[in-house]
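The next block holds one structure in the form of C-alpha coordinates; read it before the comments.
The values are calculated or read from the model by the stated rules, or taken from the named source; none is laboratory data. In this text the structure is predicted, and so the values were computed from the model without any measurement. Backbone-built Cβ (ideal geometry, glycine too); neighbour counts: all protein chains shown. Quick note on the areas: whole protein, heavy atoms, side chains included, nothing else; ligands and nucleic acids left out. Shrake-Rupley method; radii C 1.70, N 1.55, O 1.52, S 1.80 Å.
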Amino acid sequence: MEATTAQANELERRVDLSIAIADVEKEMEQRLKRMGKNMKIPGFRPGKVPFSIVKQQHGDHARHEVLSEELDRVFGETVTTQKMRVAGYPRIEPKTSESTTHLEFSAIFEVYPEFTPGDLSSAEVERPVLEVSAAEIDKTLDILRQQRVTYEDTDRTAAKEDRVVIDFLGKKDGVPFQGGQANDYPFVLGQGQMLPDFENAVEGAKVGESKTFDLNFPADYHAKDLAGQTVQFDVTVKQVQAPKLPEIDAEFAISMGVADGDVAKMRAEIEANLKREVKRRIEGKLKDQVMEALLKANPITVPTALVDMEIQRLMQAARQDMEQRGMKVKDMPIQPEWFADQAKRRVTLGLILAEVVKTEKLQATPEQVRAMVEETAQSYEQPEEVIRWYYAQPQRLQEVEGVAIENNVVEWVLGKAKVTEKAAVFDELMGQKQ
(Lines give C-alpha, C1' and ligand atoms only; values in the text may rest on other atoms or scores of the structure.)
Protein backbone atom coordinates (compact mmCIF):
# COMPACT_ATOMS: atom_id res chain seq x y z
CA MET A 1 0.00 0.00 0.00
CA GLU A 2 1.17 3.51 -0.83
CA ALA A 3 -0.58 6.85 -0.33
CA THR A 4 0.06 10.50 -1.09
CA THR A 5 -1.99 13.60 -0.28
CA ALA A 6 -2.69 16.86 -2.06
CA GLN A 7 -4.82 19.84 -1.01
CA ALA A 8 -7.39 21.06 -3.53
CA ASN A 9 -8.97 23.94 -1.55
CA GLU A 10 -9.49 25.17 2.00
CA LEU A 11 -11.35 22.09 3.30
CA GLU A 12 -11.20 19.62 0.43
CA ARG A 13 -8.42 17.05 0.37
CA ARG A 14 -7.35 14.51 -2.24
CA VAL A 15 -5.56 11.35 -1.23
CA ASP A 16 -3.97 9.12 -3.88
CA LEU A 17 -4.12 5.44 -2.96
CA SER A 18 -2.23 2.54 -4.48
CA ILE A 19 -3.26 -1.06 -3.81
CA ALA A 20 -1.27 -4.10 -4.88
CA ILE A 21 -3.21 -6.28 -7.31
CA ALA A 22 -1.50 -9.38 -5.91
CA ASP A 23 -2.84 -8.65 -2.42
CA VAL A 24 -6.40 -8.28 -3.75
CA GLU A 25 -6.17 -11.49 -5.78
CA LYS A 26 -4.68 -13.42 -2.85
CA GLU A 27 -7.42 -12.36 -0.41
CA MET A 28 -10.10 -12.94 -3.06
CA GLU A 29 -8.83 -16.47 -3.67
CA GLN A 30 -8.82 -17.29 0.04
CA ARG A 31 -12.34 -15.93 0.39
CA LEU A 32 -13.60 -17.98 -2.57
CA LYS A 33 -12.02 -21.14 -1.16
CA ARG A 34 -13.79 -20.61 2.16
CA MET A 35 -17.02 -20.01 0.28
CA GLY A 36 -16.55 -23.20 -1.75
CA LYS A 37 -16.42 -25.35 1.39
CA ASN A 38 -20.10 -24.63 2.02
CA MET A 39 -21.40 -24.18 -1.49
CA LYS A 40 -24.13 -26.47 -2.76
CA ILE A 41 -24.62 -26.95 -6.50
CA PRO A 42 -26.64 -29.73 -8.15
CA GLY A 43 -24.33 -32.50 -9.40
CA PHE A 44 -21.65 -31.90 -6.77
CA ARG A 45 -21.32 -33.01 -3.19
CA PRO A 46 -21.33 -30.15 -0.61
CA GLY A 47 -17.86 -28.61 -0.42
CA LYS A 48 -16.67 -30.40 -3.58
CA VAL A 49 -17.62 -27.74 -6.13
CA PRO A 50 -14.60 -27.07 -8.42
CA PHE A 51 -12.80 -23.80 -7.64
CA SER A 52 -13.20 -22.67 -11.26
CA ILE A 53 -17.00 -22.79 -10.91
CA VAL A 54 -16.93 -20.97 -7.55
CA LYS A 55 -14.76 -18.25 -9.10
CA GLN A 56 -16.96 -18.02 -12.18
CA GLN A 57 -20.13 -17.49 -10.12
CA HIS A 58 -18.80 -15.37 -7.26
CA GLY A 59 -15.43 -14.02 -8.37
CA ASP A 60 -16.63 -10.53 -9.39
CA HIS A 61 -18.55 -10.04 -6.15
CA ALA A 62 -15.64 -11.27 -4.02
CA ARG A 63 -13.14 -9.05 -5.86
CA HIS A 64 -15.37 -5.98 -5.40
CA GLU A 65 -15.83 -6.82 -1.73
CA VAL A 66 -12.09 -7.28 -1.09
CA LEU A 67 -11.16 -4.15 -3.03
CA SER A 68 -13.74 -2.09 -1.10
CA GLU A 69 -12.40 -3.34 2.22
CA GLU A 70 -8.79 -2.65 1.16
CA LEU A 71 -9.69 0.90 0.11
CA ASP A 72 -11.42 1.51 3.45
CA ARG A 73 -8.39 0.17 5.32
CA VAL A 74 -5.81 2.11 3.32
CA PHE A 75 -7.85 5.30 3.47
CA GLY A 76 -8.38 4.94 7.21
CA GLU A 77 -4.68 4.34 7.85
CA THR A 78 -3.71 7.33 5.70
CA VAL A 79 -5.99 9.88 7.33
CA THR A 80 -5.14 8.55 10.81
CA THR A 81 -1.41 8.78 10.15
CA GLN A 82 -1.77 12.32 8.82
CA LYS A 83 -4.19 13.26 11.61
CA MET A 84 -6.97 14.33 9.26
CA ARG A 85 -10.48 14.77 10.69
CA VAL A 86 -12.68 13.59 7.82
CA ALA A 87 -16.08 15.24 7.42
CA GLY A 88 -18.64 13.05 5.69
CA TYR A 89 -17.65 10.24 3.34
CA PRO A 90 -14.87 10.17 0.72
CA ARG A 91 -15.57 9.98 -3.01
CA ILE A 92 -13.40 7.25 -4.51
CA GLU A 93 -12.35 7.65 -8.14
CA PRO A 94 -10.19 5.21 -10.18
CA LYS A 95 -7.05 6.67 -11.78
CA THR A 96 -5.63 5.87 -15.18
CA SER A 97 -2.38 4.01 -14.60
CA GLU A 98 0.13 2.06 -16.67
CA SER A 99 1.10 -0.05 -13.65
CA THR A 100 0.58 -3.79 -14.02
CA THR A 101 1.11 -4.45 -10.31
CA HIS A 102 -1.05 -1.82 -8.59
CA LEU A 103 -4.53 -0.30 -8.78
CA GLU A 104 -4.54 3.47 -8.43
CA PHE A 105 -7.37 5.50 -6.86
CA SER A 106 -8.05 9.00 -5.61
CA ALA A 107 -10.14 9.69 -2.51
CA ILE A 108 -11.67 13.18 -2.44
CA PHE A 109 -13.14 14.36 0.85
CA GLU A 110 -13.49 17.30 3.21
CA VAL A 111 -11.95 17.83 6.62
CA TYR A 112 -13.21 19.72 9.65
CA PRO A 113 -12.00 23.34 9.79
CA GLU A 114 -9.23 24.11 12.26
CA PHE A 115 -9.59 27.43 14.04
CA THR A 116 -9.11 29.20 17.35
CA PRO A 117 -12.29 30.74 18.85
CA GLY A 118 -12.44 34.44 17.96
CA ASP A 119 -12.25 37.43 20.27
CA LEU A 120 -15.58 38.34 21.92
CA SER A 121 -14.49 41.41 23.88
CA SER A 122 -16.29 43.76 21.46
CA ALA A 123 -19.51 41.70 21.31
CA GLU A 124 -22.57 43.42 22.80
CA VAL A 125 -25.29 41.47 24.59
CA GLU A 126 -28.49 42.89 26.09
CA ARG A 127 -29.76 41.03 29.15
CA PRO A 128 -33.55 41.37 29.71
CA VAL A 129 -34.52 41.94 33.35
CA LEU A 130 -38.00 41.28 34.73
CA GLU A 131 -39.24 40.63 38.25
CA VAL A 132 -42.56 38.79 38.46
CA SER A 133 -44.93 40.92 40.54
CA ALA A 134 -48.58 40.77 41.59
CA ALA A 135 -49.51 42.57 38.36
CA GLU A 136 -48.10 39.75 36.21
CA ILE A 137 -49.89 37.16 38.35
CA ASP A 138 -53.18 39.07 38.00
CA LYS A 139 -52.70 39.35 34.23
CA THR A 140 -52.06 35.61 33.98
CA LEU A 141 -55.13 34.88 36.09
CA ASP A 142 -57.18 37.08 33.77
CA ILE A 143 -55.96 35.07 30.76
CA LEU A 144 -56.83 31.82 32.54
CA ARG A 145 -60.32 33.20 33.29
CA GLN A 146 -60.76 34.19 29.63
CA GLN A 147 -59.90 30.64 28.63
CA ARG A 148 -62.73 29.37 30.86
CA VAL A 149 -65.37 31.91 29.83
CA THR A 150 -69.02 30.80 29.59
CA TYR A 151 -71.95 32.59 27.94
CA GLU A 152 -75.44 33.47 29.17
CA ASP A 153 -78.45 34.64 27.14
CA THR A 154 -79.17 38.37 27.27
CA ASP A 155 -81.91 40.57 25.80
CA ARG A 156 -79.65 43.60 25.27
CA THR A 157 -78.04 44.57 21.98
CA ALA A 158 -74.98 42.61 20.89
CA ALA A 159 -71.63 44.06 21.96
CA LYS A 160 -67.98 43.12 21.57
CA GLU A 161 -67.03 39.90 23.40
CA ASP A 162 -70.65 38.67 23.09
CA ARG A 163 -71.35 35.32 21.47
CA VAL A 164 -74.00 35.63 18.77
CA VAL A 165 -75.85 33.01 16.74
CA ILE A 166 -77.08 34.16 13.33
CA ASP A 167 -78.57 33.09 10.01
CA PHE A 168 -77.04 34.84 7.02
CA LEU A 169 -77.35 34.85 3.24
CA GLY A 170 -74.90 36.58 0.93
CA LYS A 171 -75.77 37.69 -2.60
CA LYS A 172 -73.63 38.99 -5.43
CA ASP A 173 -75.62 40.88 -8.07
CA GLY A 174 -78.76 39.47 -6.45
CA VAL A 175 -77.60 35.85 -6.73
CA PRO A 176 -76.52 33.76 -3.69
CA PHE A 177 -72.81 32.85 -3.91
CA GLN A 178 -71.02 29.74 -2.72
CA GLY A 179 -70.04 29.82 0.94
CA GLY A 180 -72.19 32.86 1.62
CA GLN A 181 -75.00 31.13 3.52
CA ALA A 182 -75.32 29.53 6.96
CA ASN A 183 -77.95 28.86 9.62
CA ASP A 184 -77.40 28.92 13.39
CA TYR A 185 -73.85 30.17 12.86
CA PRO A 186 -72.08 31.07 16.15
CA PHE A 187 -69.15 33.46 16.60
CA VAL A 188 -67.77 35.87 19.18
CA LEU A 189 -67.79 39.55 18.29
CA GLY A 190 -64.36 41.19 18.34
CA GLN A 191 -62.28 38.03 17.86
CA GLY A 192 -61.80 38.49 14.12
CA GLN A 193 -63.69 35.36 13.08
CA MET A 194 -65.65 37.41 10.52
CA LEU A 195 -64.67 40.41 8.39
CA PRO A 196 -64.68 43.69 10.38
CA ASP A 197 -67.54 45.22 8.35
CA PHE A 198 -69.63 42.07 8.91
CA GLU A 199 -69.06 42.19 12.67
CA ASN A 200 -69.81 45.94 12.77
CA ALA A 201 -73.16 45.28 11.11
CA VAL A 202 -74.10 42.61 13.67
CA GLU A 203 -72.90 44.62 16.66
CA GLY A 204 -75.78 46.61 18.17
CA ALA A 205 -78.49 44.21 16.97
CA LYS A 206 -80.97 42.42 19.25
CA VAL A 207 -82.37 38.89 19.22
CA GLY A 208 -84.95 38.55 16.41
CA GLU A 209 -83.66 41.57 14.51
CA SER A 210 -82.94 41.25 10.80
CA LYS A 211 -80.91 43.61 8.68
CA THR A 212 -79.51 43.93 5.18
CA PHE A 213 -76.17 45.58 4.44
CA ASP A 214 -73.50 45.88 1.76
CA LEU A 215 -70.02 44.48 2.33
CA ASN A 216 -66.82 45.08 0.36
CA PHE A 217 -64.47 42.12 0.28
CA PRO A 218 -60.75 43.03 0.60
CA ALA A 219 -58.70 42.95 -2.59
CA ASP A 220 -56.54 40.17 -1.12
CA TYR A 221 -59.49 38.00 0.01
CA HIS A 222 -58.70 34.27 -0.30
CA ALA A 223 -61.73 33.57 -2.55
CA LYS A 224 -60.55 35.13 -5.82
CA ASP A 225 -64.07 35.44 -7.27
CA LEU A 226 -65.06 37.64 -4.30
CA ALA A 227 -61.84 39.62 -3.80
CA GLY A 228 -62.48 43.32 -4.21
CA GLN A 229 -66.21 42.73 -4.89
CA THR A 230 -69.22 44.33 -3.21
CA VAL A 231 -71.96 41.94 -2.04
CA GLN A 232 -75.13 42.18 0.02
CA PHE A 233 -75.88 40.21 3.17
CA ASP A 234 -79.21 39.43 4.86
CA VAL A 235 -78.65 38.65 8.55
CA THR A 236 -81.02 37.53 11.31
CA VAL A 237 -79.79 37.52 14.91
CA LYS A 238 -81.17 34.46 16.73
CA GLN A 239 -79.22 34.57 19.99
CA VAL A 240 -77.07 37.03 21.93
CA GLN A 241 -75.04 35.72 24.86
CA ALA A 242 -72.99 37.81 27.25
CA PRO A 243 -69.63 36.47 28.47
CA LYS A 244 -69.37 35.37 32.08
CA LEU A 245 -65.92 35.02 33.56
CA PRO A 246 -65.45 32.63 36.49
CA GLU A 247 -64.80 34.16 39.88
CA ILE A 248 -61.37 33.64 41.41
CA ASP A 249 -62.57 31.41 44.22
CA ALA A 250 -62.13 27.90 45.58
CA GLU A 251 -64.00 26.37 42.66
CA PHE A 252 -61.70 28.12 40.20
CA ALA A 253 -58.63 27.03 42.18
CA ILE A 254 -59.82 23.40 42.08
CA SER A 255 -60.27 23.66 38.29
CA MET A 256 -56.64 24.79 38.19
CA GLY A 257 -55.49 21.62 39.95
CA VAL A 258 -55.34 22.89 43.54
CA ALA A 259 -57.13 20.06 45.30
CA ASP A 260 -58.11 21.95 48.47
CA GLY A 261 -59.27 25.06 46.58
CA ASP A 262 -56.80 27.34 48.37
CA VAL A 263 -56.66 30.54 46.27
CA ALA A 264 -53.41 31.69 47.90
CA LYS A 265 -51.80 28.38 47.04
CA MET A 266 -53.04 28.72 43.46
CA ARG A 267 -51.48 32.19 43.18
CA ALA A 268 -48.22 30.82 44.61
CA GLU A 269 -48.16 28.05 41.99
CA ILE A 270 -48.89 30.53 39.20
CA GLU A 271 -46.09 32.76 40.49
CA ALA A 272 -43.64 29.83 40.56
CA ASN A 273 -44.63 28.79 37.04
CA LEU A 274 -44.33 32.36 35.77
CA LYS A 275 -40.87 32.75 37.28
CA ARG A 276 -39.74 29.54 35.61
CA GLU A 277 -41.17 30.66 32.28
CA VAL A 278 -39.72 34.17 32.55
CA LYS A 279 -36.33 32.66 33.38
CA ARG A 280 -36.59 30.32 30.39
CA ARG A 281 -37.54 33.14 28.02
CA ILE A 282 -34.74 35.39 29.24
CA GLU A 283 -32.26 32.54 28.86
CA GLY A 284 -33.58 31.96 25.34
CA LYS A 285 -33.09 35.60 24.34
CA LEU A 286 -29.58 35.61 25.83
CA LYS A 287 -28.73 32.38 24.04
CA ASP A 288 -29.90 33.80 20.69
CA GLN A 289 -27.66 36.84 21.13
CA VAL A 290 -24.70 34.70 22.22
CA MET A 291 -25.04 32.46 19.18
CA GLU A 292 -25.08 35.51 16.90
CA ALA A 293 -21.97 36.84 18.65
CA LEU A 294 -20.18 33.50 18.17
CA LEU A 295 -21.09 33.39 14.48
CA LYS A 296 -19.85 36.94 13.97
CA ALA A 297 -16.57 36.29 15.82
CA ASN A 298 -15.91 33.01 13.99
CA PRO A 299 -16.47 33.38 10.22
CA ILE A 300 -15.41 29.81 9.42
CA THR A 301 -15.85 27.73 6.29
CA VAL A 302 -17.90 24.59 6.91
CA PRO A 303 -17.76 21.24 5.08
CA THR A 304 -20.37 20.95 2.34
CA ALA A 305 -20.80 17.28 3.25
CA LEU A 306 -21.99 18.16 6.75
CA VAL A 307 -24.37 20.83 5.43
CA ASP A 308 -25.84 18.35 2.93
CA MET A 309 -26.35 15.78 5.69
CA GLU A 310 -28.09 18.39 7.86
CA ILE A 311 -30.33 19.41 4.94
CA GLN A 312 -31.43 15.79 4.57
CA ARG A 313 -32.12 15.57 8.31
CA LEU A 314 -34.23 18.75 8.23
CA MET A 315 -36.13 17.54 5.17
CA GLN A 316 -36.94 14.26 6.91
CA ALA A 317 -38.11 16.13 10.02
CA ALA A 318 -40.34 18.34 7.84
CA ARG A 319 -41.88 15.28 6.17
CA GLN A 320 -42.62 13.66 9.52
CA ASP A 321 -44.18 16.90 10.80
CA MET A 322 -46.42 17.14 7.73
CA GLU A 323 -47.49 13.52 8.07
CA GLN A 324 -48.39 14.07 11.73
CA ARG A 325 -50.57 16.99 10.61
CA GLY A 326 -52.39 14.69 8.21
CA MET A 327 -50.84 16.16 5.08
CA LYS A 328 -49.97 14.06 2.03
CA VAL A 329 -46.21 14.48 1.76
CA LYS A 330 -46.01 12.87 -1.70
CA ASP A 331 -48.21 15.67 -3.03
CA MET A 332 -45.88 18.34 -1.59
CA PRO A 333 -42.38 18.15 -3.09
CA ILE A 334 -39.87 19.37 -0.53
CA GLN A 335 -36.90 21.23 -1.99
CA PRO A 336 -33.42 21.00 -0.38
CA GLU A 337 -32.76 24.70 -0.98
CA TRP A 338 -35.56 25.57 1.46
CA PHE A 339 -33.34 24.32 4.28
CA ALA A 340 -29.89 25.35 3.00
CA ASP A 341 -29.45 28.50 5.11
CA GLN A 342 -30.80 26.87 8.27
CA ALA A 343 -28.61 23.80 7.76
CA LYS A 344 -25.46 25.88 7.21
CA ARG A 345 -26.17 27.94 10.33
CA ARG A 346 -26.75 24.85 12.46
CA VAL A 347 -23.58 23.13 11.21
CA THR A 348 -21.52 26.29 11.70
CA LEU A 349 -22.77 26.80 15.24
CA GLY A 350 -22.22 23.14 16.04
CA LEU A 351 -18.57 23.33 14.98
CA ILE A 352 -17.99 26.61 16.83
CA LEU A 353 -19.65 25.34 20.01
CA ALA A 354 -17.67 22.09 19.91
CA GLU A 355 -14.38 24.00 19.58
CA VAL A 356 -15.26 26.45 22.36
CA VAL A 357 -16.31 23.62 24.69
CA LYS A 358 -13.10 21.70 23.98
CA THR A 359 -10.80 24.72 24.22
CA GLU A 360 -12.38 26.21 27.36
CA LYS A 361 -13.29 22.87 28.99
CA LEU A 362 -17.00 23.73 29.27
CA GLN A 363 -18.36 20.18 29.43
CA ALA A 364 -21.47 19.67 31.60
CA THR A 365 -21.01 18.22 35.07
CA PRO A 366 -23.32 15.56 36.58
CA GLU A 367 -24.40 18.16 39.15
CA GLN A 368 -25.51 20.57 36.43
CA VAL A 369 -27.49 17.88 34.64
CA ARG A 370 -29.15 16.80 37.89
CA ALA A 371 -30.13 20.38 38.74
CA MET A 372 -31.69 20.88 35.30
CA VAL A 373 -33.65 17.62 35.53
CA GLU A 374 -34.96 18.59 38.97
CA GLU A 375 -35.96 22.04 37.72
CA THR A 376 -37.86 20.53 34.80
CA ALA A 377 -39.54 18.01 37.10
CA GLN A 378 -40.93 20.76 39.34
CA SER A 379 -43.56 21.67 36.75
CA TYR A 380 -45.10 18.17 37.05
CA GLU A 381 -47.44 16.86 39.74
CA GLN A 382 -45.03 14.07 40.77
CA PRO A 383 -41.48 15.41 40.29
CA GLU A 384 -39.74 12.33 41.69
CA GLU A 385 -41.29 10.12 39.01
CA VAL A 386 -40.05 12.47 36.29
CA ILE A 387 -36.53 12.42 37.75
CA ARG A 388 -36.56 8.63 37.90
CA TRP A 389 -37.76 8.50 34.28
CA TYR A 390 -34.81 10.61 33.11
CA TYR A 391 -32.26 8.53 35.01
CA ALA A 392 -33.79 5.16 34.05
CA GLN A 393 -31.97 5.35 30.70
CA PRO A 394 -28.76 7.38 30.28
CA GLN A 395 -29.62 8.40 26.71
CA ARG A 396 -32.57 10.42 28.05
CA LEU A 397 -30.06 12.68 29.76
CA GLN A 398 -28.19 13.47 26.53
CA GLU A 399 -30.58 16.25 25.53
CA VAL A 400 -30.39 17.76 29.02
CA GLU A 401 -26.60 17.51 28.92
CA GLY A 402 -26.59 19.30 25.56
CA VAL A 403 -28.60 22.19 27.01
CA ALA A 404 -26.29 22.33 30.04
CA ILE A 405 -23.25 22.60 27.74
CA GLU A 406 -24.94 25.42 25.79
CA ASN A 407 -25.64 27.19 29.09
CA ASN A 408 -21.95 26.90 29.99
CA VAL A 409 -21.02 28.46 26.65
CA VAL A 410 -23.53 31.27 27.21
CA GLU A 411 -22.05 32.06 30.63
CA TRP A 412 -18.54 31.96 29.17
CA VAL A 413 -19.47 34.38 26.38
CA LEU A 414 -21.26 36.70 28.80
CA GLY A 415 -18.04 36.82 30.80
CA LYS A 416 -16.18 38.01 27.70
CA ALA A 417 -18.74 40.32 26.04
CA LYS A 418 -20.09 43.75 26.92
CA VAL A 419 -23.36 43.00 28.74
CA THR A 420 -25.98 45.65 29.51
CA GLU A 421 -29.25 45.13 31.34
CA LYS A 422 -32.59 46.29 29.96
CA ALA A 423 -35.98 46.14 31.67
CA ALA A 424 -38.24 43.74 29.80
CA VAL A 425 -41.96 44.24 29.17
CA PHE A 426 -43.93 41.22 30.39
CA ASP A 427 -46.26 40.99 27.38
CA GLU A 428 -43.39 41.33 24.90
CA LEU A 429 -41.28 38.74 26.70
CA MET A 430 -44.15 36.26 26.86
CA GLY A 431 -45.17 36.94 23.27
CA GLN A 432 -48.66 38.16 24.19
CA LYS A 433 -50.70 40.80 22.37
CA GLN A 434 -51.35 43.88 24.44
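Its Cα gyration tensor gives the range 80-132 an equivalent ellipsoid. The semi-axes, each the square root of 5 times an eigenvalue, are 51, 13, 9 Å from largest down. When the charge dipole of the chain is built from unit charges on Cβ atoms (+1 for Lys and Arg, -1 for Asp and Glu) and taken about the Cα centre, the candidate among Val240, Ser122, Ala305 whose Cα reaches farthest toward its positive end is Ala305. A straight Cα-to-Cα reach below 21 Å connects Lys55 with the lysines Lys26, Lys33, Lys37, Lys40, residues fewer than 8 places away in its own chain not being considered.
Sort the range 205-266 into rounded, prolate or oblate with this rule: let a ≥ b ≥ c be the square roots of the eigenvalues of the Cα gyration tensor; rounded if a/c is under 1.5, and if a/c is not under 1.5, prolate when a/b is larger than b/c, oblate otherwise. Taking the square roots of the gyration eigenvalues as a ≥ b ≥ c, the range 205-266 is oblate. I'd like to know which of Thr157, Gly43, Asn273 lies farthest towards the positive end of the charge dipole of the chain, counting +1 on Cβ of Lys and Arg and -1 on Cβ of Asp and Glu. Ranked along the dipole, the leading option is Gly43. Where does the range 71-212 land on the Kirkwood hydrodynamic radius, alpha-carbon pairs, in angstrom? The Cα-based Kirkwood calculation yields 24.3 Å.
Spatially, the range 216-231 and the range 360-391 are offset by 54 Å when compared through their Cα centroids. Highest mean packing first, where packing is the average number of other Cβ atoms within 10 Å per residue, the peptides 316-327, 340-351 line up as 340-351, 316-327. Computed over the chain, the per-residue total of -39500 (n - 2.57) for DSSP H runs of n ≥ 4 gives a 222 nm mean residue ellipticity of -15000 deg cm²/dmol, rounded to 500.
Its Cα centre serving as origin, the range 153-252 has a Cβ charge dipole (Lys and Arg +1, Asp and Glu -1) of approximately 320 debye.
Which of the GluC sites (Glu not before Pro) found in the range 380-412 are in a DSSP loop and have at most 12 neighbouring Cβ atoms, other than their own, within 10 Å?
Counting only loop positions with at most 12 other Cβ atoms within 10 Å, the GluC sites (Glu not before Pro) in the range 380-412 are Glu381.
Multiplying each eigenvalue of the alpha-carbon gyration tensor of the range 1-125 by 5 and taking the square root yields semi-axes of 44, 17, 10 Å, largest first, rounded to whole angstroms.
What order do you get for 303-312, 196-205, 357-366 when each peptide is scored by the mean count of other beta carbon atoms within 10 Å, highest first?
Highest to lowest by the protection proxy: 303-312, 196-205, 357-366.
Mind checking the dipole of the chain: about its Cα centre, +1 per Lys or Arg Cβ, -1 per Asp or Glu Cβ, Debye to the nearest 20? That gives a dipole near 1820 debye. Using only side-chain charges placed at the Cβ, +1 for Lys and Arg and -1 for Asp and Glu, the dipole size of the range 206-313 relative to its Cα centre rounds to 300 debye.
In the range 95-169, what GluC sites (Glu not before Pro) fall in a loop by DSSP, with at most 10 other Cβ atoms inside 10 Å?
Glu98, Glu114, Glu131
Based on protein heavy atoms only, the range 156-195 ends up with 56 Å² per residue of surface accessible to a 1.4 Å probe. Based on the reciprocal of the average 1/r between different C-alpha atoms, the Kirkwood radius for the range 230-316 equals 19.6 Å.
Ligands, DNA and RNA aside, Val400 has an accessible area near 20 Å² when probed at 1.4 Å.
Among the listed pairs Lys83/Lys358; Lys285/Lys416; Lys83/Lys296, those with a Cα-Cα distance over 23 Å are Lys83/Lys296.
Nearest 10 degrees, 0 to 90: what angle lies between the long axis of helix 397-416 and the longest principal axis of the chain (Cα atoms)? Compared with the principal axis, the helix lies near 80 degrees.
Does the range 265-314 come out rounded, prolate or oblate, given a ≥ b ≥ c as the square roots of the eigenvalues of its C-alpha gyration tensor, rounded meaning a/c under 1.5 and, failing that, prolate meaning a/b above b/c? Note, shape of the range 265-314 comes out oblate. On C-alpha positions alone, give me the angle between the axis of helix 304-324 and the longest principal axis of the chain, in degrees, nearest 10. Relative to the chain, helix 304-324 is tipped by roughly 40 degrees. With all protein chains kept in place, the per residue accessible area of the range 251-356 amounts to 60 square angstrom at a probe of 1.4 angstrom. Considering only Gln146, Ala182, Ile166, and ranking their Cα positions along the charge dipole of the range 121-182 that arises from unit charges at the beta-carbon of Lys, Arg, Asp and Glu, the one farthest toward the positive end is Ala182. Rounded to whole Å, give me the distance from the Cα center of the range 393-434 to that of the range 100-171. Using only Cα atoms to place each centre, the spacing works out to 15 Å. Taking only the C-alpha atoms of the chain, the Rg (one decimal) and the largest Cα-Cα distance, Dmax (whole number), read 34.6, 102 Å. Within the chain, DSSP assigns beta bridges of which about 90% are antiparallel (rounded to the nearest 5). For chymotrypsin sites (Phe, Trp or Tyr not before Pro), the sites in the range 78-161 that DSSP calls loop and that have at most 15 other Cβ atoms within 10 Å are Phe115. Helix 21-36 axis versus longest C-alpha principal axis of the chain: approximately 80°, rounded to the nearest ten.
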